[in-house]
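Reviewing the structure listed below.
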Amino acid sequence: MLTFDNSYVRELEGLYAFSSAERKSAPRMSKLNYSLAEELGLGPDELDSPDWVQYFSGNAVAPGSQPIAQAYAGHQFGNFVPRLGDGRALLLGEIIDRKGHRRDIQLKGSGPTMFSRNGDGKAALGPMLREYLMGEAMHNLGIATSRALAVVATGESVYRETALPGAVLARVASSHIRIGTFEYVAAGSDFASLKRLANYTMRRHYPELEDGSYIGLLRAFSMRLAILVARWMGTGFIHGVMNTDNMALSGETIDYGPCAFMEHYDPKTVFSSIDRRGRYAYGNQPAIAQWNLARFAETLLPLLDEDTERAVELATIEVDAFAGHYENAWLSVMRQKLGLRQKEEDDASLAASFLEAMHAGEADYTLAWRALANASGNGASWRSLFAMDAGKLDAWLPRWQARLAREGRSMENIAEDIRSANPFIIPRNYLVEEALEAASKNDDMGPFDRLLDALSEPYAEKLPSYARPAPREHTERYQTFCGT
Ligand code: AMP
Ligand code: MG
């Protein structure tokens, strides 16, 4: 059994509406995350009881759960929308997991709420399974993320361009407080609520901060965001919709929509069908994170100082400092990927040159990094990854090797570090599509389960068929959709 303790409902009145799910006629469990459930305190015998299909579809309310739709605003593709909110999600409540961490359980696709606007409040099976797969992949890569607990097929159709099988996703996150939550409160100019939300967020996610240190909250979030985005960049993850309503104050990756992993290295890579101008392209993510941080900083102004000018000054210092936090976080990711434990002045340029070589050679981002583990010698097989132009690589290789020599460690030891920092397997777009198609068109979960299994140990050099890059034509045409 889960024991709920719903602090958000208790403490943040005005930031949510009690709500209920739409009844589903024939829900059936499509996928259950037993290991995550175990972390939450739910054993396998318990989970197999028919109750959970009812709870996770929204047909029944688990004891202690108080379903709400959360209110939030947000900047969508740069434009402020004062009222978004959970239009197709319900927060069931919070539970304290086996390690003592407070975690939200939320349903997505459970039916319309007061925030649905023109939407139907529903979700299709394919995109919900996609969120499941991507979240688990990120988690196994060691990147902070929300995770899927279950996907329930509703047995009903959801109408998008065509009729699709409907589903409800149950997901777990350390919270669903977003930059957009702060924007919602700040736009309402209600000082008391703003203070309450900030204090609540600090207690929940940054307990190390002193009471009332709102500048501390801005700085601590900035650092977490820098680390998160640096890790995205290190694995080639492209979130796809970095709107401020999709950025969690916890520093976790949330709201998996049209996200995807980059194949060959190109900072301009965009997969999302709605991102026509490439605002959320791979290479823009750090700058967008800073832009989002600035929106967050603006919401805090009334708390930073009574004198608005002074408040702006303080906030600006923190927003500017993000660039340095990001640079440090990125450099630390790059050093690990390059097999470096020592720090040298030139390391950032060494990493940048390798990326340039990848760009010129149109090399697969994941495999080019991974192959460094075998490239300390002559790297013959590795060079074939840089088929387009290996000139830059030829110039770079001796530079890196000279740098490795100064590490004063054995090549085996360095290669081991490289293998633990550079995944062999990521969720390749064509494999993800194949798995989702089999599940939603043919009711066949085989490819999904096998891919999920391959992604469970991304750093192990097993299952080479899952490591292969997609045919180039596939990547060029590849588009992801929000799945709303
Ligand atoms: P997203 O782009 O998925 O982060 O969603 C942006 C906003 O649109 C949020 O307020 C969602 O709750 C809302 N939304 C997305 N899809 C639907 C839907 N099918 N029905 C109602 N609201 C939706
Ligand atoms: Mg969202």
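The values are calculated or read from the model by the stated rules, or taken from the named source; none is laboratory data. From a predicted model like this one, the values you see are computed outputs, not experimental measurements. In this analysis, Cβ positions are derived from the backbone assuming ideal geometry, glycine residues included, and neighbour counts consider all displayed protein chains.
Take N118 and decide whether it is surrounded by fewer than 23 Cβ atoms within 10 Å (Cβ to Cβ) and within 16 Å of ligand 1 (Cβ to nearest atom). Steps first, answer last, please.
Working: surrounded by fewer than 23 Cβ atoms within 10 Å (Cβ to Cβ): yes; within 16 Å of ligand 1 (Cβ to nearest atom): yes.
Yes.
Answer with yes or no whether E306 is within 30 Å of G180 (Cα to Cα), at pLDDT 95 or above and part of a loop (DSSP other than H, G, I, E, B). Considered against the rule, which asks whether it is within 30 Å of G180 (Cα to Cα), at pLDDT 95 or above and part of a loop (DSSP other than H, G, I, E, B), E306 comes out as yes.
The residue that is nearest to ligand 1 (Cβ to nearest atom), counting only those in the range 217-232 that are crowded, with 22+ Cβ neighbours inside 10 Å and over 25 Å from A198 (Cβ atoms), is W232. Hey, among the residues in the range 248-273 that are within 15 Å of ligand 1 (Cβ to nearest atom) and among the polar types (S, T, N, Q), which one's surrounded by the most Cβ atoms within 10 Å (Cβ to Cβ)? Checked the range 248-273; the qualifying residue surrounded by the most Cβ atoms within 10 Å (Cβ to Cβ) is T253.
Scan the range 431-484 residue by residue and report those that are small (G, A, S), away from ligand 1 (no atom under 16 Å from the Cβ) and more than 20 Å from G142 (Cα to Cα).
Pass one, the range 431-484, residues small (G, A, S): 435, 438-440, 446, 454, 456, 460, 465, 467, 470, 483.
Within this subset, residues satisfying the condition of being away from ligand 1 (no atom under 16 Å from the Cβ) are 435, 438-440, 446, 454, 456, 460, 465, 467, 470.
Across the range 431-484, the qualifying residues are A435, A438, A439, S440, G446, S465, A470.
Being modelled with pLDDT of 95 or more and within 24 Å of Y459 (Cα to Cα) is true for just one of F354, F386. Which residue is that? Explain how you work it out, then say what you get.
Values: F386 fails: modelled with pLDDT of 95 or more.
So the residue among F354, F386 that is modelled with pLDDT of 95 or more and within 24 Å of Y459 (Cα to Cα) is F354.
Scanning the range 234-247 for residues being crowded, with 22+ Cβ neighbours inside 10 Å and away from ligand 2 (no atom under 13 Å from the Cβ) gives a total of 4. Can you confirm whether the range 179-186 contains a residue that is outside any strand (DSSP E or B), over 16 Å from G135 (Cβ atoms) and among the aromatic types (F, W, Y)? Yes, because at least one residue in the range 179-186 is outside any strand (DSSP E or B), over 16 Å from G135 (Cβ atoms) and among the aromatic types (F, W, Y).
Results for (1) over 17 Å from T113 (Cα atoms); (2) small (G, A, S); (3) not in a loop (DSSP other than H, G, I, E, B), shown as yes or no for each residue.
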residue	(1), (2), (3)
A17	no, yes, yes
A21	no, yes, no
S25	yes, yes, no
E39	yes, no, yes
V53	yes, no, yes
G64	yes, yes, no
A69	no, yes, yes
Y72	no, no, no
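Using the structure shown, decide if A62 is over 17 Å from S175 (Cα atoms), at pLDDT 95 or above and within 26 Å of the chain's Cα centre (by Cα). Walk me through how you get there before you give the answer.
Numbers: over 17 Å from S175 (Cα atoms): yes; at pLDDT 95 or above: yes; within 26 Å of the chain's Cα centre (by Cα): no.
For A62, the condition - over 17 Å from S175 (Cα atoms), at pLDDT 95 or above and within 26 Å of the chain's Cα centre (by Cα) - is not met.
From the residues in the range 84-110 that are within 9 Å of ligand 1 (Cβ to nearest atom) and farther than 17 Å from L12 by Cα, which one is surrounded by the fewest Cβ atoms within 10 Å (Cβ to Cβ)? Spell out the reasoning first.
First, the residues of the range 84-110 that are within 9 Å of ligand 1 (Cβ to nearest atom): 84-89, 108-109.
Filter once more, so that each one left must be farther than 17 Å from L12 by Cα: 84, 87-89, 108-109.
On the way: L84: 23, G87: 17, R88: 22, A89: 26, K108: 23, G109: 31.
Only one residue fits best here, namely G87.
Taken residue by residue, the range 133-145 has no member that is within 14 Å of ligand 2 (Cβ to nearest atom) and either without any contact (Cβ under 8 Å) to a residue 24 or more places away in the chain or in a strand (DSSP E or B) (or both). Restricting the range 174-216 to residues that are farther than 25 Å from A89 by Cβ and in contact with a helix residue (DSSP H, G or I) (Cβ under 7 Å, 6 or more places away or on another chain), the residue that is surrounded by the fewest Cβ atoms within 10 Å (Cβ to Cβ) is E210.
Reported count of residues in the range 307-348, each being among the acidic types (D, E), crowded, with 17+ Cβ neighbours inside 10 Å and within 26 Å of the chain's Cα centre (by Cα), is 1.
Flag set for L149, criterion: assigned to a strand (DSSP E or B), within 30 Å of A460 (Cβ to Cβ) and not polar (S, T, N, Q). Has the range 110-120 got any residue that is in the same structural domain as A150 (by TED's automatic domain parsing), more than 16 Å from ligand 2 (Cβ to nearest atom), within 24 Å of the chain's Cα centre (by Cα) and in a helix (DSSP H, G or I)? No, the range 110-120 contains no residue that is in the same structural domain as A150 (by TED's automatic domain parsing), more than 16 Å from ligand 2 (Cβ to nearest atom), within 24 Å of the chain's Cα centre (by Cα) and in a helix (DSSP H, G or I).
A residue that is closer than 22 Å to Y34 by Cα, among the polar types (S, T, N, Q) and more than 14 Å from ligand 1 (Cβ to nearest atom) occurs somewhere in the range 137-159. Name the single residue that is nearest to the chain's Cα centre (by Cα) among those in the range 270-303 being of a type in the set (F, W, Y) and part of a helix (DSSP H, G or I). Residue satisfying both the conditions and the ranking: Y282. Cβ separations smaller than 6 Å between residues 6+ apart or across chains give the following pairs from the range 111-130 residues that are in contact (Cβ under 8 Å) with a residue 12 or more places away in the chain to residues that are of a type in the set (S, T, N, Q) and part of a loop (DSSP other than H, G, I, E, B): T113/S19.
Among residues of the range 78-90 that are assigned by TED's automatic domain parsing to the domain that holds F115, those with a beta-carbon under 6 Å from a residue that is more than 9 Å from ligand 1 (Cβ to nearest atom) and not small (G, A, S) at least six positions away or on a different chain give the pairs D86/Q70; A89/Q106; L90/P67; L90/L107. Note on the range 425-448: residues that are outside any helix (DSSP H, G or I), surrounded by fewer than 18 Cβ atoms within 10 Å (Cβ to Cβ) and without any contact (Cβ under 8 Å) to a residue 60 or more places away in the chain amount to 2.
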